[in-house]
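Q: Take a look at the following structure, please.
Bear in mind these aren't lab numbers, they're just calculated from the coordinates by the rules spelled out. Computed from a prediction, not measured in an experiment: that's the story for all the values here. When we count neighbours, we look across all protein chains shown, and the Cβ atoms used for this are built from the backbone with ideal geometry, even at glycine.
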Amino acid sequence: MAYKNLLVHLDDSETCAGRVAAAIVLAEAQDAYLTGLALAVETSMPTYIGGQMPVEVLEVQRAQVLERGQAVATRFDEALERSGRPGASRLVTGLDIDAARVVALHARHADLVVLGQEEPEAPPALPRHLAEDVVLSAGRPALVVPYIGAGKTLGRRVMIAWDTGREAARAVNDALPILKQAEAVTVLSVNPRPGVDLHGEEPGADIALHLTRHGVTVEVQQTQVEEINVGDTILSRLADLGCDLLVMGAYGHSRLREVVLGGVTRTMFESMTVPVLMSR
């Protein structure tokens, strides 16, 4: 079992190069084909405004958007050629309000989609919360790369945030191609209740046994915290163990175009320090 068809979302932000680099590392490890999806999206505007703008102005703006999209695709193709990996860029045009839906649609034809964390201080290259929207709607696992980029390794030392939930279970199985190649995998249960909520008498032991039967070497850890939240606890333990990847379920939903995330999921999208493989 391995990923054989990967998709990475491309944009003209300064963080895109790090995202592409992480996608190439994963493609090399999995011997996978890598597609770069570049979006040339125009800014949507009310009809009463767009209808008053000269056609010439709209055409110039459209040409500029297309040119930027083509430049993004070209940079990806050049990076791919340097890596020697098979793959290609794909340029799609549309409106900014449809960007997340388009990425999610293309992600459904891939084993995994690579996305980027939104940089808080930078102007968004696309509508805000694109990564969150795609994770919640694509139906495919997503690797979200921090805006600071990934480290020198990816998937060598992995932590699984385990809470027995459906989303976490799916994330673990979606991550199996990476977990089977990892040198160390830690299952972390934060504030588990033995014998309650499917944790069993020894929280984490059942999912560890499942992974062991797939040839994964697993260590189980449990921790109880009160003064800091679960998300911060996970981030702290990631640093303590020197992990280069977190696997977790994504919790949330969309409400009238507003993304509503669960607490730990929100913390990771805001403060992730390593790439996070999420499934929902």
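Q: Any idea how far apart LEU105 and ARG90 come out in nm if each label point goes 7 Å out from Cα toward Cβ?
A: With each label point 7 Å from Cα toward Cβ, the separation is 1.1 nm.
Q: Taking 0.36 nm per residue of separation and subtracting the Cα-Cα distance, what length does fully extending VAL225 through LYS180 add?
A: Length gained between VAL225 and LYS180: 13.2 nm.
Q: Applying 1/(1 + (r/R0)^6) with R0 = 30 Å to the Cβ-Cβ distance of ASP232 and GLU28, what FRET efficiency is obtained, to the nearest 0.05?
A: Result of the calculation: an efficiency of 0.35.
Q: Could I ask something else about it? Test of understanding: express the Cα radius of gyration of the stretch 5-145 as a ratio to 2.2 N^0.38 Å, with N the residue count.
A: Normalised Cα radius of gyration, the stretch 5-145: 1.07.
Q: Then there is this: What is the sum of charges around ALA142, taking Lys and Arg as +1, Asp and Glu as -1, for the other residues whose C-beta is under 14 Å from the C-beta of ALA142?
A: So the environment of ALA142 carries a net charge of -1.
Q: Something else about it: Take every DSSP beta bridge with both residues inside the chain and express the antiparallel ones as a percent of the total, to the nearest 5.
A: So the antiparallel bridges amount to about 15 percent of the total.
Q: Quickly estimate the mean residue ellipticity at 222 nm for the chain, helices only: each DSSP H run with n ≥ 4 gives -39500 (n - 2.57), and the total goes over all residues, rounded to 500.
A: Calculated at 222 nm, the ellipticity per residue is -11500 deg cm²/dmol.
Q: Give me the percent of Cα-Cα pairs in the stretch 157-279 that sit more than 23 Å apart, rounded to a whole number.
A: Looking at the stretch 157-279, the distances longer than 23 Å represent 26 percent of pairs.
Q: Sticking with this one: Which residue, GLY249, VAL225, ALA27, has the largest displacement toward the positive end of the dipole of the chain when charges sit on each Cβ (Lys, Arg +1; Asp, Glu -1)?
A: Working it through, the farthest residue towards the positive pole turns out to be ALA27.
Q: Shifting gears a bit: Explain nothing, just the number: dipole magnitude of the chain about its Cα centre with +1 on each Lys and Arg Cβ and -1 on each Asp and Glu Cβ, in debye rounded to the nearest 20.
A: Value, rounded to 20: 700 debye.
Q: Please list the radius of gyration and Dmax for the chain, considering alpha-carbon atoms only, with Å as the unit.
A: 19.8, 70
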